[in-house]
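The values are calculated or read from the model by the stated rules, or taken from the named source; none is laboratory data. Given the structure is predicted, the values throughout are model-derived calculations rather than measurements. Here the Cβ positions follow ideal geometry from the backbone for every residue, glycine too, while neighbour counts run over all protein chains shown. With ligands, DNA and RNA removed, areas are computed over all heavy atoms of the protein, side chains included. Shrake-Rupley method; radii C 1.70, N 1.55, O 1.52, S 1.80 Å.
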Amino acid sequence: MQAEYYLYSSEGCHLCEQALQMCNPFIANGKLSVIDIVEQEELVEQYGVHIPVLERLDNGEKLYWPFTPQQINELITEWN
């Protein structure tokens, strides 16, 4: 099963932990990959001050924190 969403995050980020908990009811197990931005310099430059960021991979649409459960639902149901 391939991921359909990325959650850009960083270890120890309490907002990222909240975002992951918020995503879990909406995104099926195995469809969300948590990407630690610290492992790639370009991701730190792109998302460092914005994490957590949720990205839908098929269309590249992103939600930047703070986002709501309603926004997550809209992101996953758009185009379906």
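For this structure, a couple of remarks:
- Applying a threshold of 7 Å to beta carbon distances and a minimum spacing of six or more residues, or different chains, the list of pairs starting in region 1-22 at a residue that is modelled with pLDDT under 95 and ending at one that is of a type in the set (Ser, Thr, Tyr) reads 3/33.
- Residue under evaluation residue 57, criteria (1) more than 18 Å from residue 78 (Cα to Cα); (2) touching a residue at least 12 places away in the same chain (Cβ under 8 Å), criterion not met: (1)
- Every residue from region 41-62 that is open to solvent by 20 Å² or more (accessible area, probe 1.4 Å) and either touching a Lys or Arg at 6+ places or on another chain (Cβ under 7 Å) or within 16 Å of residue 26 (Cβ to Cβ) (or both): 55, 57, 58, 61, 62
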